[in-house]
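Working notes, beginning with the structure itself.
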Amino acid sequence: MKSRTITKMFRVLSVLLAFLLMYLSLARHPEGESLVKFFPLQDKGAHAFAYAAFGFSLFFAFNGKSRQFSWRPFLQTLLLGAVFGYTMEIIQGFVGRDYDLLDLLADCIGIVSGILISLAILYLYRHFFCPEN
């Protein structure tokens, strides 16, 4: 598969994940019901997991054709992910949910985790599947 096609797939995935995160962040849940009982640390673990997936897809969407580390997609992913998480926390105050600084911290930890997983995959790909580079 061409790298341009893969980049487009990650861009589409990033948009879909953004819409899913918006829905999950802004939807009202019945009192006492938790959608995240199976995650470690429940709510915060779910935030970190969801934003790790978002950070992973964003990093590859921004990284484009490059199979090597570059600061630009790293910083773009970190900034966009953190701004997105912060925006969701602010909007929650307007839809009857609570702003939680720890949720934002879990979001940022998730974004960084997704970036680190992306970098690990790039490293493995470069060193084991493309040894001539």
Taking the stretch 1-35 and keeping residues at pLDDT 90 or above and basic (K, R) leaves K8, R11
So, in the stretch 67-103, of the ones that are of a type in the set (F, W, Y) and under 30 Å from C130 (Cα atoms), which residue ends up surrounded by the most Cβ atoms within 10 Å (Cβ to Cβ)? F74
Could you figure out which of (1) surrounded by fewer than 14 Cβ atoms within 10 Å (Cβ to Cβ); (2) of a type in the set (F, W, Y); (3) modelled with pLDDT of 95 or more isn't true of F38? (3)
Can you work out which of the residues in the stretch 41-59 that are buried (at least 21 other Cβ atoms within 10 Å of the Cβ) and modelled with pLDDT under 90 is nearest to the chain's Cα centre (by Cα)? H47
The stretch 105-121: number of residues that are surrounded by fewer than 18 Cβ atoms within 10 Å (Cβ to Cβ) and either farther than 23 Å from F10 by Cα or in contact (Cβ under 8 Å) with a residue 24 or more places away in the chain (or both): 5
Quick check on my filter: what residues within the stretch 81-101 are assigned to a helix (DSSP H, G or I) and at pLDDT below 90? Q92, L101
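The values are calculated or read from the model by the stated rules, or taken from the named source; none is laboratory data. This is a predicted model, so every value here is computed, not measured. Note: ideal-geometry Cβ built from the backbone for every residue, glycine included; neighbour counts use all protein chains shown.
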